[in-house]
Amino acid sequence: MTLPSLNDIVSCISGYDPHAMTVERAQAVIREFIHPIEAVEKLPIRSALSRVLAQDIVSRIDVPAHDNSAMDGYALRGEDLAEGRELRLQIIGEVHAGDRFTGQVGPGQCVRIMTGAPMPAGCDTVIPQELTVDADQSAVTVPPGRVRAGDNRRLRGEDLALGSVALPRGRILRPSDIGLLASLGLAEAPVQRRLRVAFFSTGDELRSVGEPLDEGCVYDSNRYTLHGMLTRLGCEVLDMGVVPDDPAALEAAFRSACEEADAVITSGGVSVGAADYTKQIMASLGEMAFWKIAMRPGRPLAFGRIRSRGREAYLFGLPGNPVAVTVSFSFFVRDALLRLAGAEAKPLPRLRVKTATAIRKKAGRTEYQRGILAPDDSGNWSVRLTGMQGSGILRSMSDANCIIELEHDRGDVAAGEEVAVVLFDGLV
Ligand code: AMP
Ligand code: MG
């Protein structure tokens with residue numbers, strides 16, 4: 001199969017202008033250009049946590065395997081219940097979870113039953129024991145109006161029916177999915193192999209932690225942020241350090257990253273600075289687009305596919321500013337890597353909440369401001385900005401628990417208006 005070139009894809013966009021890309025358009029081009037890897041491995045289900053399921057899992061059993069009781073109580077025949085009348089039932093046996101009651105339950109009879117125990121033949125209803133009265137060893141009374149036919153019975157296959165898709169391919173497996181695989185009796189699951197992602201920082205001014213900070217220099221933080229984001233995304237990471245603004249060193253770094261990894265992420269050097277050879281070298285190694293995106297932060301973005309010695313890798317050249325790196329990663333790279341990994345493409349959930357503070361916003365670009373979502377004094381949740389929002393101020397991201405996404409066409413936002421937020425964290 002021949003994959004479309006980047007040029008094929010952008011040439012279909014009417015009025016394509018690399019200097020005026022909207023966020024949505026850039027996302028769509030990336031999504032179309034990325035082709036998922038196909039490499040499956042079988043893993044014990046516990047090791048499959050957070051991995052991408054490679055095939056549909058079809059249930060080979062009914063879960064639960066029998067109609068069973070949802071309560072501790074008495075299994076009875078629903079037809080014995082009569083409106084407005086008390087019912088006295090003879091207790092003819094007892095059944096626990098894991099047992100079976102083999103007798104026949106006739107009119108006016110019941111079986112004492114525990115939660116999870118199979119329903120005795122003929123019974124379709126369970127009355128919880130706390131709703132009964134006058135129970136002794138041999139009989140129990142069901143007062144009128146406490147239970148209807150069919151109550152408190154779990155149906156065979158109601159959780160997972162034989163032959164149905166229990167989990168779809170592409171699912172990123174969560175703890176409950178692992179439990180669900182176990183409930184089907186499966187010891188192993190087919191998952192996509194992990195993505196290998198290489199990354200490095202570019203810039204003569206960058207120093208790595210542990211080195212002295214020379215005059216005019218800054219510590220490289222992007223590699224650490226990227227390491228964290230890639231690790232959380234489940235990638236195998238290849239940290240290639242800091243590469244100076246030197247053409248030979250850059251070319252060597254891009255080549256070796258490309259030969260080792262499925263995707264390469266760099267930061268810095270894609271704006272218009274004088275020492276930025278990065279773009280030339282990227283372009284010489286493959287098919288690259290250099291975009292100016294109508295967004296803030298994160299305006300410049302390089303995207304494409306490079307080749308070296310017969311190997312290919314997708315390349316994301318992110319801007320150097322630390323907040324821009326996080327935002328570009330979150331709204332372009334994350335989705336692209338998930339797609340590359342074969343994961344189902346789902347938009348990040350957005351909440352719409354009121355902003356407690358007014359927000360300055362320019363129409364004509366998407367803005368990603370750092371926010372804190374918290375309850376106010378009356379218990380209503382609203383969002384406010386974390387202090388200064390400059391794209392170099394990494395603390396704005398660190399202090400935040402969400403990103404406020406302000407749409408392209410929107411202008412200034414007044415306090416009390418609704419805005420969309422994307423949360424950083426959720427349940428396990
Ligand atoms: P650039 O995109 O290379 O022009 O860099 C833009 C800004 O981001 C400059 O102030 C850089 O010093 C800063 N910067 C670039 N890379 C990093 C990094 N890895 N860690 C921290 N700051 C960076
Ligand atoms: Mg630079």
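The values are calculated or read from the model by the stated rules, or taken from the named source; none is laboratory data. These numbers were taken from a predicted model, which means no experiment stands behind them. Cβ sites come from the backbone with ideal geometry, for glycine too, and all protein chains shown count toward neighbours. Ligands, DNA and RNA are stripped out before the accessible areas are found, and what is left, the full protein with its side chains, is counted by its heavy atoms. Shrake-Rupley method; radii C 1.70, N 1.55, O 1.52, S 1.80 Å.
Summary of values
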item: Candidate set from the stretch 226-276 (those that are part of a loop (DSSP other than H, G, I, E, B) and modelled with pLDDT of 95 or more); member that is nearest to P18 (Cα to Cα); result: D262
item: Selection status of A257, surrounded by fewer than 21 Cβ atoms within 10 Å (Cβ to Cβ) and either more than 15 Å from ligand 2 (Cβ to nearest atom) or within 25 Å of the chain's Cα centre (by Cα) (or both); result: no
item: Sole exception among (1) more than 18 Å from T225 (Cα to Cα); (2) crowded, with 19+ Cβ neighbours inside 10 Å; (3) in contact with a helix residue (DSSP H, G or I) (Cβ under 8 Å, 6 or more places away or on another chain) for V428, by number; result: (2)
item: Among residues of the stretch 396-424, those that are in contact with a strand residue (DSSP E or B) (Cβ under 9 Å, 6 or more places away or on another chain), open to solvent by 50 Å² or more (accessible area, probe 1.4 Å) and of a type outside the set (S, T, N, Q), counted; result: 8
item: Residue in the stretch 35-80 that is modelled with the lowest pLDDT, counting only those that are of a type in the set (K, R) and surrounded by fewer than 20 Cβ atoms within 10 Å (Cβ to Cβ); result: R60
item: Considering residues of the stretch 301-335 that are open to solvent by less than 10 Å² (accessible area, probe 1.4 Å), in contact with a strand residue (DSSP E or B) (Cβ under 8 Å, 6 or more places away or on another chain) and farther than 22 Å from V422 by Cα only, the residue farthest from ligand 2 (Cβ to nearest atom); result: A313
item: Condition check for S221: in the same structural domain as V327 (by TED's automatic domain parsing) and either within 22 Å of the chain's Cα centre (by Cα) or within 16 Å of ligand 1 (Cβ to nearest atom) (or both); result: yes
item: The stretch 336-360, subset of a type outside the set (A, V, I, L, M) and surrounded by 18 or more Cβ atoms within 10 Å (Cβ to Cβ), residue nearest to A263 (Cα to Cα); result: R339
item: Considering residues of the stretch 212-232 that are over 12 Å from F329 (Cβ atoms) and open to solvent by 80 Å² or more (accessible area, probe 1.4 Å) only, the residue farthest from ligand 2 (Cβ to nearest atom); result: P212
item: Among the candidates E24, E32, residue that is touching a helix residue (DSSP H, G or I) at 6+ places or on another chain (Cβ under 7 Å), within 26 Å of A302 (Cα to Cα) and open to solvent by 10 Å² or more (accessible area, probe 1.4 Å); result: E32
item: Positions within the stretch 197-211 being more than 10 Å from ligand 1 (Cβ to nearest atom) and surrounded by fewer than 17 Cβ atoms within 10 Å (Cβ to Cβ), in sequence order; result: V209, G210, E211
item: Criterion violated by V270 - all others in (1) under 30 Å from D409 (Cα atoms); (2) open to solvent by 30 Å² or more (accessible area, probe 1.4 Å); (3) within 16 Å of ligand 2 (Cβ to nearest atom); (4) not small (G, A, S) satisfied; result: (2)
item: Matching option when the condition is surrounded by fewer than 17 Cβ atoms within 10 Å (Cβ to Cβ) and farther than 30 Å from R169 by Cβ, among P107, P120; result: P107
